[in-house]
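The values are calculated or read from the model by the stated rules, or taken from the named source; none is laboratory data. Note that this is a predicted model, so its numbers are computed, not measured. No Cβ is skipped: glycine too gets one built from the backbone with ideal geometry, and neighbour counts run over all protein chains shown. What goes into the accessible areas is simple: the full protein's heavy atoms, side chains included, and nothing from ligands, DNA or RNA. Shrake-Rupley method; radii C 1.70, N 1.55, O 1.52, S 1.80 Å.
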Amino acid sequence: MTDQRPIAGECTKFIISTTILNDRLNRAVEDYQLLDDAQEGFRRHRSTRRQLSKLQGLLAQQRENKSQSVVLFLDIKNAFNAINHRAIFAVLEAYGFHPVDVDLFRRIYKGRFLSVCNAFGETAACFLRRGVFQGDSPSPTIFNLTNDPIHKMVRASGRGCPALGLNSPSGSSGFADDTSCHTGGSDAIPAMRVIVKTIGPVYIWLGMFFNMKKSVISAIDHSTGLPMPTDSITVNGAPFSVLSPSEAHKHLGVRMTLTGSFAAEKARVRSEMQRRLDELQKDEVLPPPLKELTITIGVTSIFRYSAGVVPWTRSELEVITNMWIRAYKYVWFKAAGRSMDSSPIVLCHDDGGRDCPSACEIYVREGLDTLDQCMTLPGEIAQFILCRLRQECHAYGCVALTQLQSLLRISGSVDATSHLHQLLLRLDEQGLQVSSPWPAHPGSVIAEALWPLMWRAWQCKMLSSPIDCQAPLFSSGEAQTEWEQAKDCLHAL
């Protein structure tokens, strides 16, 4: 049953008791910080967005430093059903759990079996001697605890990507069984060899094995833009499948490349939303209000999931919004709605409209929510993301996000691959500003010294070129000179 996920039906009394046990287990794990900070799966206040933001930040830092990057995406064969039970109990003992508690888990796991029920009856009992049990409340935490030595050994090796704000390199990122190892710097290839050599025997001891066809590795030298050979990184003499740095890989539901391109993810989002809208048009049963609900729940969610980590430009967001507006029109007016005005569709319910979602508003909301998730919980990701935000401000001679937002508005030098730049511009278009999550800088900065010069030139530009405000047209030669000087200073930062 490779493509089937049957529903586990356990005794209600047993589920109640294991739920209480799981609450106490989670409290002990978090209070005593037993799990490494690299693990984000099955933990409160953590999410895939935090893990994706961390990995994107590490790769962006390597690209800015013109360094080397190596990322290994591991795929474990049947991970949750493969763990050796003896390894589970050994890890619990090593982490200091009371012998009575460890013995309780031994009794829970001893003699467990399953039987499959369908329309033809029930099968014989199949005793489970490996893996964690589906539908059992403690199973996710038990899996995290058993898999945790992998991340701790990677951290102890001292190999990984140098990360701003962290005392040691970040070498692994985990979300349940989805584990990625990453190294950076001039010794990225040898460092990855050390990591693989370190964790390989641990996985074997745990009873888990790599799926070498699905586990892919990608390496790039950002100074040249060329891929690097990874055939020296092997497990039992077998190399991993090689992924081109410019080829997108689906990680935690988002398609991304080592070069920072999200073109594949954007194309997938647009195509999947259009496919679902096309299928919805064929429906002749649902009334218009339920079709609207279908669009809100089943279509916009495709965009919403990755909106907090993918840098969408204004024109791309407008294309998505227009796609939703056309769908709303068809829901109510069929083909006759193509030529009608969009105002009744876009207006909110209080103003008599249909309140069609706006891609720009969703993008801003999800982007701010992702930053909030990354910054709220203290730890490795919060420190790194905070330092990344400050670094992006300093790169433009700023010490606050509001200063960077003002500079992006008038300078025209916006990084299309920077999620922060796109988010600040979308906020600026709505007349909103975001505060900086760090204390105010006491001294003066380059941007402050240049600001009067840039503001005078910008005002002159707005007055002299009302047709195309993006074009550097000035009626005054002095204003043109001031503007060019300010741009040269910005480019020199």
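Against the numbered list (1) in contact with a Leu (Cβ under 7 Å, 6 or more places away or on another chain); (2) of a type outside the set (A, V, I, L, M, F, W, C); (3) farther than 17 Å from LYS77 by Cβ, SER215 comes up short only at (3).
When LEU52 is tested against (1) farther than 15 Å from ILE385 by Cα; (2) touching a strand residue (DSSP E or B) at 6+ places or on another chain (Cβ under 8 Å), just one condition goes unmet, and that condition is (1).
Considering only the range 370-412, how many residues are part of a helix (DSSP H, G or I) and either in contact with a helix residue (DSSP H, G or I) (Cβ under 8 Å, 6 or more places away or on another chain) or within 23 Å of ASP488 (Cβ to Cβ) (or both)?
Start the filter on the range 370-412 by keeping residues that are part of a helix (DSSP H, G or I), which leaves 370-376, 380-394, 401-411.
From what's left, either in contact with a helix residue (DSSP H, G or I) (Cβ under 8 Å, 6 or more places away or on another chain) or within 23 Å of ASP488 (Cβ to Cβ) (or both): 370-371, 373-376, 380-382, 384-386, 388-389, 391-394, 401, 403-411.
Count: 28.
What number of residues within the range 148-159 satisfy the criterion of being in contact with a helix residue (DSSP H, G or I) (Cβ under 7 Å, 6 or more places away or on another chain) and not in a loop (DSSP other than H, G, I, E, B)? Selection size over the range 148-159: 5. Being in contact (Cβ under 8 Å) with a residue 60 or more places away in the chain, outside any loop (DSSP other than H, G, I, E, B), more than 30 Å from ASP187 (Cα to Cα) and open to solvent by 60 Å² or more (accessible area, probe 1.4 Å) is a property that PHE14 lacks. Looking at the structure I just gave you, is GLU316 more than 22 Å from GLN61 (Cα to Cα), acidic (Asp, Glu), within 30 Å of the chain's Cα centre (by Cα) and open to solvent by 50 Å² or more (accessible area, probe 1.4 Å)? Here the answer is no, as GLU316 does not meet what is asked. Go through the range 37-94 and tell me which helices (runs of 4 or more DSSP H), entirely inside it, have 2 or more residues that are of a type in the set (S, T, N, Q) and open to solvent by 10 Å² or more (accessible area, probe 1.4 Å). Output list reads 48-64.
If only one of ASP415, ASP355, ASP428, ASP350 is assigned to a helix (DSSP H, G or I), open to solvent by 10 Å² or more (accessible area, probe 1.4 Å) and within 23 Å of TRP312 (Cβ to Cβ), which one is it? Even if it seems obvious, please write down each step before you answer.
Values: ASP415 fails: assigned to a helix (DSSP H, G or I); ASP355 fails: assigned to a helix (DSSP H, G or I); ASP350 fails: within 23 Å of TRP312 (Cβ to Cβ).
Testing whether each residue is assigned to a helix (DSSP H, G or I), open to solvent by 10 Å² or more (accessible area, probe 1.4 Å) and within 23 Å of TRP312 (Cβ to Cβ) leaves just ASP428.
Quick one: would you say PRO442 is more than 24 Å from the chain's Cα centre (by Cα), assigned to a helix (DSSP H, G or I), surrounded by fewer than 18 Cβ atoms within 10 Å (Cβ to Cβ) and at pLDDT 70 or above? So PRO442 does not fit the description; no. The set of residues from the range 97-132 being outside any helix (DSSP H, G or I), modelled with pLDDT under 95 and of a type outside the set (A, V, I, L, M, F, W, C) comprises LYS110, GLY111, ARG112, SER115, ASN118, GLY121, GLU122, THR123, ARG129, ARG130, GLY131.
Acidic (Asp, Glu), under 30 Å from LEU377 (Cα atoms) and over 27 Å from the mean Cα position of the chain (by Cα) - does that describe any residue in the range 72-80? No, because not a single residue in the range 72-80 is acidic (Asp, Glu), under 30 Å from LEU377 (Cα atoms) and over 27 Å from the mean Cα position of the chain (by Cα).
Under 7 Å between Cβ atoms, which residue pairs at least 6 apart in sequence (or on different chains) link something in the range 160-189 that is modelled with pLDDT under 95 and assigned to a loop (DSSP other than H, G, I, E, B) with a partner that is among the β-branched types (Val, Ile, Thr) and open to solvent by 10 Å² or more (accessible area, probe 1.4 Å)? Going by the 7 Å Cβ cut-off, the qualifying pairs are ASP177/ILE76.
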